[in-house]
Amino acid sequence: MIEKLYCYLVNSLCCALYRREYRKYINNESIGEVQKEKLFKIIKDNSETDYGLKYGFKDIKTVEEFQEKVPFTDYEDYLPYIEEIKKGKKNILTSEDVLLLEKTSGSVSSSKLIPYTDSLKREFQCGIKPWVYNLYTSIPRVKWGKSYWSVTPIETEKEYTEGGIPIGFEEDSEYFGKIEKLLMNKIFVTPKDIAKESDIESFQFKTMQALLKCKNLTLISIWNPTFFLLLLEYLDGNSENLLLSLKKSRREEIFQYIKAKEYTKIWPNLKVISCWMDGNAKVYGERLQEVFNGVIIQSKGLLATEGFVSFSFTKEKGSRLSYNSHFFEFISLKDGEVYLAEELKENQRYEVVLTTSGGLYRYKIKDVIEVCGFSKETPRIIFTGRRDKVSDLFGEKLNEDFIKNMIEDLNIKKDFFMIAPEEDRYVLYLKTKEELPEIDELFRRNFHYDYCRKLGQLKKLRIFLLQGNPEKEYIDECIKRGQRMGDVKPIILSLKGGWDKVFTGHYLD
């Protein structure tokens, strides 16, 4: 009881610190005015930077002038600026010093480096604080226990640029303010220095050991739902050694639950698991819900390395736009026009564009959202996929949305699926026990794919039937290619081939 009371007091104190930001968020009268103030502060603060001088930030007086003078950008547009920042040069993209360069997650390609400033961290906190406050006050039993927040092994020694700038956060708690981090560290389940653990198996053992020791776990906050599913699989395969590392009383208490895979009884006070639930992660989130029946699985909303887009409020469909965080623009997938936050329409899809205090201006993050409703003026959104995920070997232009729809049309039970190009054809990597129809014919509904097949440019799609553990094999391969384990996102379309050398299984034909 003393431990529960201690957790309650610490969590309540964090909520008290977050109340002001929460009220600021829910009590704003006009999203449009808040967004304009945010934009003008960013361009005023950075008007004397190399980037600000190039695009005449000083002379910009309206949103329309900003849109006329400043172009849309992709990551490649920032490469020369980031090279200067890496050398230690200042006043390049922001007037503030760059605290660190954070690696992106995203696809299995090499990582990008995103500048982080104090102001950018505060912009992230403008989303984190209302979300945490709402979560803890809407589900008050969460306050009475400990939390596990995602920590992943960094795989390598801490990196620095030639100018001495650190590369990468070590753990999610770095996104919190200093006081909150100090408080939360007292009730986090995470083992000390676990982020510096370079051996994956040792990392999994220590993480699961800490979780098993904690009976009073009330909140799990992760990114990829497969991260925790794989931890549970590790528990199943290593239960004997893990149990021996626990005190006798706890070992005897949970022995039968582990054997029966009754995970909710291992952590009887667990109330919420926060993780990705939209887009490609949906199927794994649903699997996590099956495992933890009765526990609330809450969507993370849309967070990118570059910015904080949305967060969930309990019992709401979708996630609320974090309009206090950055200046947002949205490119309509319907007509190609650019819309502001207050101009969004329900059931319409848009590509998200950010202007942040970290030095990204009109930056297209390539994430596509659909507006699913409103809470007063605030749009609620669902992440639907990536706009840049298109495979085009010979002009067929296959994108993730089309592939997802085709696989769903199969109407079969499947544990894992992914499409990847392989020289002059596509390969469907699929784990299922059901009989399959002629899948290539489904893909020929795509006019361009069908045309390439008729011309002989593309050969018939092949099926690689998976027999191992594709989730683990996929994550292991992504780690080899430079990603952190907890940041690996489920994908439907890989733009690179060679997965038949990664996955365990065989071609059907």
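Just so you know, all these numbers are worked out from the coordinates, no wet-lab data involved. On a predicted model such as this, the values are computed, not experimentally measured, just so you know. Neighbour counts are summed over all protein chains in view; Cβ atoms, including those assigned to glycine, are modelled from backbone coordinates with ideal geometry.
For Lys489, the residues whose amide H sits under 5 Å from its own are Gly106, ignoring neighbours fewer than 5 places away on the same chain, with H placed 1.01 Å from N. A simple rule links phi to the HN-Hα coupling: the Karplus curve 6.51 cos²θ - 1.76 cosθ + 1.60 with θ = phi - 60°, which for the range 449-454 gives 4, 4, 5, 5, 5, 5 Hz, with x for Gly and Pro. Tell me the relative contact order for the chain as a rounded percent, counting alpha carbon contacts under 8 Å between residues six or more apart. For the chain, the relative contact order is 15 percent.
Here the relative contact order of the range 390-507, from alpha carbon pairs under 8 Å that lie six or more residues apart, stands at 32 percent. Set Lys and Arg Cβ to +1 and Asp and Glu Cβ to -1, take the dipole of the chain about its Cα centre, and tell me which of Leu436, Trp144, Ile92 lies farthest positive. Of the options given, the answer is Trp144. The GluC sites (Glu not before Pro) of the range 365-425 that DSSP puts in a loop, and whose beta carbon has at most 16 other beta carbons within 10 Å, are Glu377, Glu423.
Cross-link reach is defined here as a Cα-Cα straight distance under 17 Å, omitting same-chain residues fewer than 8 places apart; for Lys261 the lysines meeting it are Lys213, Lys215.
Across the chain the C-alpha pair distances fall into 10 Å bins from zero in the proportions 4, 17, 27, 27, 18, 6, 1, 0 percent.
Within the chain, DSSP assigns beta bridges of which about 70% are antiparallel (rounded to the nearest 5).
Please give me, ordered by residue number, the trypsin sites (Lys or Arg not before Pro) of the range 241-306 that lie in loop per DSSP and have at most 10 other Cβ atoms within 10 Å. Hits after loop and neighbour filter: Lys247.
The local environment of Leu219, defined by Cβ-Cβ distances under 11 Å, has a net charge of +4 under the rule Lys, Arg +1 and Asp, Glu -1. Rounded to the nearest 500, the helix-only mean residue ellipticity at 222 nm of the chain stands at -10500 deg cm²/dmol, with each DSSP H run of n ≥ 4 adding -39,500 (n - 2.57). Taking a sphere under 12 Å around the Cβ of Glu33 and counting the other residues whose Cβ falls inside, with K and R at +1 and D and E at -1, yields a net charge of -2. Using C-alpha pairs under 8 Å with a sequence gap of at least 6, the mean separation divided by the residue count of the range 273-405 gives a relative contact order of 18 percent.
Find the centroid of the Cα atoms in the range 48-91 and in the range 437-480, then give the distance between the two in whole Å. Taking the Cα centre of each part, the range 48-91 and the range 437-480 sit 41 Å apart.
Pairs to check: Lys206/Lys404; Lys58/Lys364; Lys103/Lys300; Lys376/Lys489; Lys345/Lys472; Lys265/Lys431. Give those whose C-alpha atoms are more than 28 Å from each other in this structure. Distance filter (> 28 Å) returns Lys206/Lys404; Lys376/Lys489; Lys345/Lys472; Lys265/Lys431. The aspartates and glutamates within cross-link reach of Lys366, meaning a Cα-to-Cα straight distance under 16 Å and a gap of 8 or more places when in the same chain, are Asp74, Glu76, Asp77, Asp278, Glu306, Glu329, Glu337, Glu351, Asp388, Glu400, Asp401. For the set Lys54/Lys87; Lys41/Lys121; Lys158/Lys196, the pairs lying more than 18 angstrom apart at their alpha carbons are Lys54/Lys87.
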